[in-house]
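> Here you go, one structure.
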Amino acid sequence: MPGKNLSRDEAQQRAGLLSVDGYEIHLDVTSAPDATASTFVSTTTVRFRCAEPGAASFADLLAPRVREVTLNGRALDPAAAYDGARVALADLAAENVLVVVADCAYSRTGEGLHRFVDPVDGETYLYTHYEPAEARRVYANFEQPDLKAPYRFTVTAPAGWDVYSNGAEESSTVDGDARTWRFLETKPISTYLTAVVAGPYHVARDHWSRELPDGSTLEIPLAATCRKSLAPYFDAEEIFTVTKQGLDFFHEEFQYPYPFGKYDQCFVPEYNIGAMENPGCVTFKEDFVFRSKVTEAAYEARANVILHEMAHMWFGDLVTMKWWDDLWLKESFADFMGSFAQQEATKYQAAWVTFANQRKAWAYRQDQYPTTHPITADIRDVEDAKLNFDGITYAKGASVLKQLVAYAGRDAFFEGARRYFQQHAFGNTVLGDLLEVLAVTSGRGEQAMRDWAAAWLQTAGVNALTPELTCDAEGRITELAVLQDGTPDDSAAAPRDLRPHRIAVGLYSRESDGALRRTARVELDVTGARTVATGLAGQPRPALVLVNDDDLTYCKIRFDADSLATLRTSLGAIEEPLARALTWSACWNLTRDGLLPARDYLALVLRFAGQESDIGVLQSLHTQAKGALEVFVDPAYRAEGARLLAECALRELRAANPGSDHQLAWARFFAATAHGAEDFGLLEGLLAGTARIDGLEVDQDLRWSLWIALAAAGRATVAELDAELKRDNTASGGQKATQALAARPTAEAKAAAWSAVADSDQLPNAMVGAQTAGFAQAGQRELTAPYTARYFELLETIWAERSIEIAIRFVGGFFPRLQTDRATLEATDAWLAGHPAAAPALRRLVLECRDELARALRAQAADRG
Ligand SMILES: [Zn+2]
């Protein structure tokens, strides 16, 4: 489609020419409950100015049909003015009014206006999701972040529904079976931040208030919604508790009153991402409504997301990046603030442990791909933008802000944020605007801030830090140096720049009770390849040296040989949870880099995971151990490794405290690793109720985990899976049943899963995910091998014909990542070599999959020894 992939150059030009005074948008979604209706009527009236009267420009719109286009009272012929992606606007006046009436499509991909029918009660639900550039699927607009405008939404919907939008409800009137909702005009916001949520949603209400410095009171009505059929599971009180804690915290720190009136949080079905910060109308994935028992880690993750989105109300919504190059300006900040606020204002005190162990793992992985990029990126067009919601923009950026707080100080950081909001409220910014205020508030000056930004924001890649310990004959330290290394582990990649790091080094000694405790800590500025720490000479030789203790910087932690030997025997004895989490994370990076044989990593998990007290860390150990077994160990060791993991899982499951989170985590891991007839017999017994583990409730989510494991092992029939779906005929049940059917070890099951995605563009986003998750099973490499060639044949067609969300799921979900052999690597290289002109975003995804495969082959070689 020409013009669909809006470029930065076009956006810059248009922003130079146009300014928008306001939108009035009317959506008529009364057709939504009718399954045969594929479109709704969208009417946009936009008033805008043009700096050069007589000039031409365009509006964005992705709609199956345009009924009318009127510019300044002149009717234009839609067939001539609209090309499928853009409405051409010629001969603009200084002040213009454009009216576009279009039939826009209900979405099944989570992009635009998504429509979902609840299998439980047949009710229809709608919600919008736009970032980065999908508002044009719902109404005609100028789809770029720096053309902000106030919006007035009017929505006509079935009379029994509720409708939510960015503005508060102004009025609603009933006309027969329909009701028309009018919403108050919003503050100036960007297109990607507008939102409409409509349907017979269940709603809980509360409110928050605060006295402002000028003596007035700020009142914010709060609402939380979910589908009616999820209402029995909806713990709105807990959601409101975190919400109020966050509002208290951000008002205290930002000193800028919440600017968007009310605060709705809508939990919506088949959502593509965790959540979206639409001002006053945040949307969340409904997996955050917990139908079955989940661990504390899930509540912690939800609280983190609630606070992340709330931070965006200021950073992102009030002040917005000019273009997607500076996406990090909002995402890094919100990601950092999510954990910061969680630690400071809520009961979730493991926030920084989770950040160090899980969030940063995402950044380290992404930052070692050949496609990595500086935190401030070069985003040529909106397809590029879509791919940049990645581990660099979020987790590395947040790590770097954590480092900035260590470098500039907490007070300077928040004072900088306060000035930034005051100076740029309702405007758009670039990196320099933030650096300018930080240069002043930190007292470090403009040059120092520019140097800091150059080192951290404008370079790519991760450094490794290794301690070098020298001791005298009595075992006392004579020198401790920190070595900085920019060498990538793939010899084909370019070396990385060294950076200045503010770090802490911890020395840990074994105490008489067997625990490893920190006995000394020193902070230092690491610069260049080798930095000597002062103040440690004469200390006794420690059992463990931990660089980047307290997780101040962003680096790969390495160990000296003695420390690594200590970890092999005593990792679980490290008493402090953050230090232990950092150590686990470092061992995982060593494994990924082929510096620690994967079977040695598994040995650490087998020996110490049972002692891990932090539930989030334990769950990531489970994921990593399974991943190591699937792709990093020597294939000759797989059977032995699988047996050991399954034994360990069952042992720990039986040993765990009845009813505990740990018991549930081990139960899920046991299902994922079950191996051999006896294990599967136990899974069957748990499902049938003939076997019991004291305190373990086999609720619906756990039942599906057991069924998926049995299905993958060829021990579940279609009839059994159908019966389970009858028992749980819900949205989530439908997805799990689909995954289980696709997981069966037969050629027919694989063909059906493949065909459901590859041969039809009707499958909704969530079902695409379920099919690909079921398709790829480690024990079924021979069954899925024939699809490698078909995958590469189809890549370009899928990319061209599907929405970008579905295309991304196809590329990642069906890449043959489990076929860890030379032939698959060569097939990938052949596709890359043969398709130099494929869409850059598609090439980027394939290059990243290729890199994971090459890494797996290196790790297997290391594991063979
Ligand atoms: Zn965000």
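The values are calculated or read from the model by the stated rules, or taken from the named source; none is laboratory data. This is a predicted model, so every value here is computed, not measured. Heads up, the Cβs are rebuilt from the backbone with ideal geometry, glycines too, and the neighbour counts pull from every protein chain shown.
> Could you list, in sequence order, the residues of region 457-480 that are aliphatic (A, V, I, L, M) and surrounded by fewer than 16 Cβ atoms within 10 Å (Cβ to Cβ)?
ALA473 - this is the single residue of region 457-480 that is aliphatic (A, V, I, L, M) and surrounded by fewer than 16 Cβ atoms within 10 Å (Cβ to Cβ).
> With the requirement that a residue be touching a residue at least 24 places away in the same chain (Cβ under 8 Å) and of a type in the set (D, E, K, R), what does region 452-487 give you?
Once the filter is applied, which keeps residues that are touching a residue at least 24 places away in the same chain (Cβ under 8 Å) and of a type in the set (D, E, K, R), region 452-487 yields GLU468, ARG476, GLU479, ASP485.
> Mind listing whichever residues of region 63-73 are part of a loop (DSSP other than H, G, I, E, B) and either buried (at least 21 other Cβ atoms within 10 Å of the Cβ) or among the hydroxyl-bearing types (Ser, Thr, Tyr) (or both)? Working first, answer last.
Here is the first cut: in region 63-73, the residues part of a loop (DSSP other than H, G, I, E, B) are 63-64, 72-73.
Within region 63-73, ALA63 is the sole residue that qualifies.
> So how many residues does region 672-681 have that are touching a helix residue (DSSP H, G or I) at 6+ places or on another chain (Cβ under 7 Å), surrounded by fewer than 23 Cβ atoms within 10 Å (Cβ to Cβ) and among the hydrophobic types (A, V, I, L, M, F, W, C)?
Qualifying residue count for the region: 2.
> Still on this structure, I have one more. Check CYS226 against each of (1) within 16 Å of the ligand (Cβ to nearest atom); (2) within 28 Å of THR730 (Cα to Cα); (3) touching a residue at least 40 places away in the same chain (Cβ under 8 Å); (4) not β-branched (Val, Ile, Thr) and name the one condition it does not meet.
The number of the failed condition is (1).
> Test TYR271 against the stated conditions and say whether it is on the phi < 0 side of the Ramachandran plot and within 14 Å of the ligand (Cβ to nearest atom).
On the way: on the phi < 0 side of the Ramachandran plot: yes; within 14 Å of the ligand (Cβ to nearest atom): yes.
Yes.
> Given the structure, is GLU252 in contact with a helix residue (DSSP H, G or I) (Cβ under 8 Å, 6 or more places away or on another chain), away from the ligand (no atom under 16 Å from the Cβ) and in a helix (DSSP H, G or I)? First the steps, then the outcome.
Values: in contact with a helix residue (DSSP H, G or I) (Cβ under 8 Å, 6 or more places away or on another chain): no; away from the ligand (no atom under 16 Å from the Cβ): yes; in a helix (DSSP H, G or I): yes.
No.
> Further, regarding this structure: Give ASP614, ASP661 a once-over and let me know the one that is over 22 Å from LEU590 (Cα atoms) and among the acidic types (Asp, Glu). Break it down into steps so the answer makes sense when it comes.
Working: ASP614 fails: over 22 Å from LEU590 (Cα atoms).
It is ASP661.
> While we're on this one: Which of the residues spanning region 617-654 are in contact with a Gly (Cβ under 7 Å, 6 or more places away or on another chain) and over 15 Å from ARG599 (Cα atoms)?
Correct list: GLU652 only.
> Quick one: which helices (runs of 4 or more DSSP H) sit completely within region 547-664 and have at least 2 residues that are charged (D, E, K, R) and over 25 Å from the mean Cα position of the chain (by Cα)? Write out each step before concluding.
Details: elements: 561-570, 577-592, 598-608, 615-627, 638-655.
Correct list: 561-570, 598-608, 638-655.
> Another one. For region 705-729, which residues satisfy the criterion of being over 14 Å from ALA749 (Cα atoms) and of a type in the set (Ser, Thr, Tyr)?
Within region 705-729, SER705 is the sole residue that qualifies.
> Among the residues of region 274-292, which ones are farther than 11 Å from MET313 by Cβ, within 11 Å of the ligand (Cβ to nearest atom) and of a type in the set (A, V, I, L, M, F, W, C)?
Across region 274-292, the qualifying residues are ALA275, MET276.
> What number of residues within region 853-865 are without any contact (Cβ under 8 Å) to a residue 60 or more places away in the chain and under 26 Å from the mean Cα position of the chain (by Cα)? Don't jump to the end; show me each part of the working.
Step one: filter region 853-865 for residues without any contact (Cβ under 8 Å) to a residue 60 or more places away in the chain, giving 853, 857.
Now drop any that are not under 26 Å from the mean Cα position of the chain (by Cα), which leaves 853.
Adding up the residues that qualify gives 1.
> Among the residues in region 293-300, are any away from the ligand (no atom under 14 Å from the Cβ) and in contact with a Phe, Trp or Tyr (Cβ under 7 Å, 6 or more places away or on another chain)? Give the derivation first.
Of region 293-300, the ones away from the ligand (no atom under 14 Å from the Cβ) are 293-300.
Now drop any that are not in contact with a Phe, Trp or Tyr (Cβ under 7 Å, 6 or more places away or on another chain), which leaves 298, 300.
Scanning region 293-300 turns up at least one residue that is away from the ligand (no atom under 14 Å from the Cβ) and in contact with a Phe, Trp or Tyr (Cβ under 7 Å, 6 or more places away or on another chain).
> Might you check whether a residue that is free of Cβ contacts under 8 Å to residues at least 60 places away in the same chain, among the aliphatic types (A, V, I, L, M) and surrounded by fewer than 16 Cβ atoms within 10 Å (Cβ to Cβ) occurs anywhere in region 507-523?
If we filter region 507-523 for residues that are free of Cβ contacts under 8 Å to residues at least 60 places away in the same chain, which is where we start, we get 507, 509, 511-514, 516-517, 519-523.
Adding the requirement that they be among the aliphatic types (A, V, I, L, M) leaves 507, 516, 520, 522.
Filter again for surrounded by fewer than 16 Cβ atoms within 10 Å (Cβ to Cβ), leaving none.
Checked against the condition, which is being free of Cβ contacts under 8 Å to residues at least 60 places away in the same chain, among the aliphatic types (A, V, I, L, M) and surrounded by fewer than 16 Cβ atoms within 10 Å (Cβ to Cβ), region 507-523 yields no hits at all.
> What residue, of ALA743, ALA770, is at pLDDT 95 or above and closer than 18 Å to PRO269 by Cα?
Numbers: ALA743 fails: closer than 18 Å to PRO269 by Cα.
None of the others qualify; the one that does is ALA770.
> What's the number of the condition THR820 fails, among (1) part of a helix (DSSP H, G or I); (2) buried (at least 21 other Cβ atoms within 10 Å of the Cβ)?
For THR820, the failing item is (1).
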